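Novice: If you scroll down you'll find the structure; I have some questions about it.
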Amino acid sequence: MAISRSNISKEISRGPSKKKNKMKTVMGEYKKGILRSGSKKGPKVKSRKQAIAIALSESRKGKRKKKHG
């Protein structure tokens, strides 16, 4: 399937989605060891799976606020 020139410019201009940005920031916090579950006083996240779950949850929260607000 060939991509037309008009579609190429649209694909390039979109850039990364907000979901990807949120994943990147949360995983960065996890790697630095500053990601916490719950609040600032909550325990540090030690599991990679838990960090991914937090990132997905936060990205969904952003979607909800946009739709209703």
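Since every read-out is calculated from the coordinates, none of them should be taken as a lab result. The shown structure was predicted, so the numbers you read here are calculated from the model rather than taken from an experiment. Counting neighbours? That spans all protein chains shown, and the Cβs are built from the backbone with ideal geometry, glycine included.
Novice: Where does each of 34-46, 17-29 land if you order them by average Cβ count within 10 Å, highest first?
Specialist: Those peptides, ordered most packed to least, come out 17-29, 34-46.
Novice: Using all Cα-Cα distances in the range 17-68, what percent lands in each 5 angstrom bin from 0 up to the longest?
Specialist: P(r) over the range 17-68, rounded to whole percents: 4, 22, 29, 23, 14, 6, 2.
Novice: What list of ³J(HN,Hα) values in whole Hz, one per residue of the range 27-38 in order, does the Karplus curve 6.51 cos²θ - 1.76 cosθ + 1.60 (θ = phi - 60°) give from phi, with Gly and Pro shown as x?
Specialist: My calculation for the range 27-38 gives 5, x, 4, 5, 5, 6, x, 10, 6, 10, 8, x Hz in order.
Novice: Using amide H atoms built in the peptide plane, which far-off residues or other-chain residues are under 5 Å from Arg36 H to H?
Specialist: Val45
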